[in-house]
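The values are calculated or read from the model by the stated rules, or taken from the named source; none is laboratory data. All values reported here derive from a predicted model rather than from experimental measurement. When we count neighbours, we look across all protein chains shown, and the Cβ atoms used for this are built from the backbone with ideal geometry, even at glycine. The area values use the complete protein model at the heavy-atom level, side chains included, leaving out ligands, DNA and RNA. Shrake-Rupley method; radii C 1.70, N 1.55, O 1.52, S 1.80 Å.
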Amino acid sequence: MHLEQDEYLPKAIWIQTQNKCNFLCNICPYAKFSAKRVKGEMDELLFYRIVSQLRNLKSIKKVSFNMQNEPLLDRNIAKRIKYVKDLSGLHVMLTTNGYYLSKDMTKDLICSGADKITISLNACSRDSYRLITNSDFYELIVDNIKRLIELKPDYLEVVISFVITEYNSGEIRDFVDFWRGSGAMLRIYKANNKAGILDNKQEIVSQERDCIVPFEEINILYNGEMVLCRQDWSNRVIFGNLNNKTLEDIWFSDKCINFRKKFGESPDSLMPCRVCNRERWKGDYIRL
């Protein structure tokens, strides 16, 4: 019945198990929202209920544990990843700032069966790292990344990301050269305005660029709310709550279907889409 209502099936799900971060980076809205944001963690039973429902949505192939947060602040993150892998076998990934990638955490993540770990480094010097993250942990993060690469099994993909800003644009070549031969993949891409929340000089272009978010992605907050997009830290579009609905019910709800229909017809008429300057898969992946 659902397939007759809507032709689009989700391909990936992002789960926010808690909404805290330990950094205040200027390319991220967390610094703007941290003081007024109610901090919380996902109820364990809710998490298990969400994961169990993935079996009913066989179109979903990927599960990610980063969404408006630092996922490694969840003390049970490795346990959660292992639960997903054991129950579904799906591709599991996360993005971290790398601060908590201690030797023990690294081993726990490897044992969990995680398929992909991305570290947001965004610099190739202590000075630019400090300007972007407002912290002085560049050498620590680099050491943590190197240890992860050294210990990782063959199936685990390690990605080091570099968001281009006014502070680091002159370090791109140095960044590539520094990590050449390391065994990691690099991702280099332009900063975006996080659905209009951050000031950003990049032009807001028409959504005819074919954004896939409404058609392929499910984004879940720690409190069970299914929101439109993880880029929108204001969470202006909420489709429903998984405390009283299922993933399938919300994805195929009138509200969700109507949004996809309107987006397909006139994306620039919708908020927050019309103020977003993020381009689809705008990153360049480099395997060295």
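Structure values in brief
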item: Computed Kirkwood radius, in angstrom, where 1/r is averaged over Cα pairs of the stretch 103-143; result: 11.7 Å
item: Candidates LEU54, LEU151, LEU72: whichever shows maximal mean-square fluctuation once the chain is modelled as a Gaussian network with Cα springs under 10 Å; result: LEU151
item: Relative contact order computed over the stretch 27-94 (Cα-Cα under 8 Å; 6+ residues apart), in percent; result: 36 percent
item: √(5λ) per eigenvalue of the Cα gyration tensor, the stretch 135-191, largest first, Å; result: 21, 14, 10
item: Packing-based order for 261-274, 16-29, 131-144, using average beta carbon neighbours within 10 Å, highest first; result: 16-29, 131-144, 261-274
item: Nearest 10 degrees, 0 to 90: helix 77-88 Cα axis against the chain principal axis; result: 50 degrees
item: Unmatched cysteines, the chain - criterion: no other Cβ of a Cys under 4.7 angstrom; result: CYS21, CYS111, CYS124, CYS211, CYS229, CYS256, CYS273, CYS276
item: Helix-only CD estimate at 222 nm, as mean residue ellipticity for the chain, using -39500 (n - 2.57) per DSSP H run (n ≥ 4); result: -8500 deg cm²/dmol
item: All Cα pairs of the stretch 118-236, percent lying beyond 21 Å; result: 53 percent
item: Charge dipole (the chain, unit charges on Cβ, about Cα centre) - positive-most of VAL159, PHE239, ILE81; result: ILE81
item: Whole-number accessible area per residue in Å² for the chain, which is evaluated in the context of all protein chains at 1.4 Å; result: 47 Å²
item: Angle between the chain longest axis and helix 44-53 axis [Cα atoms, degrees, rounded to 10]; result: 70 degrees
item: Contact order relative to length of the chain, as percent, for alpha carbon pairs under 8 angstrom and 6 or more apart; result: 22 percent
item: Table column - 3J(HN,Hα) (Hz), the stretch 90-105, Karplus curve with 6.51, -1.76, 1.60, x for Gly and Pro; result: 6, 6, 10, 9, 8, 10, 9, 7, x, 5, 8, 7, 5, 4, 5, 5
item: Amide H within-cut-off set for ALA114, under 5 Å, with H built and near neighbours excluded; result: none
item: Highest-fluctuation residue, LYS79, LYS152, LYS58 considered, GNM on the chain with Cα pairs under 10 Å; result: LYS58
item: Out-of-range pairs (alpha-carbon distance over 29 Å; input LYS82/LYS261; LYS32/LYS85; LYS20/LYS62; LYS62/LYS103; LYS36/LYS262; LYS58/LYS116); result: LYS82/LYS261; LYS32/LYS85; LYS36/LYS262
item: Principal semi-axes in Å for the chain [√(5λ), Cα gyration tensor, largest first]; result: 30, 24, 17
item: q = 0.18, 0.19, 0.20, 0.24 Å⁻¹: log10 I(q)/I(0) that the Debye formula gives for the stretch 40-148, counting C-alpha atoms only; result: -0.90, -0.97, -1.05, -1.34
item: Over the stretch 1-153, relative contact order from alpha-carbon pairs under 8 Å, at least 6 apart, %; result: 24 percent
item: Crossing angle, helix 138-151 versus the chain [Cα axis fit, 0-90 degrees, rounded to tens]; result: 80 degrees
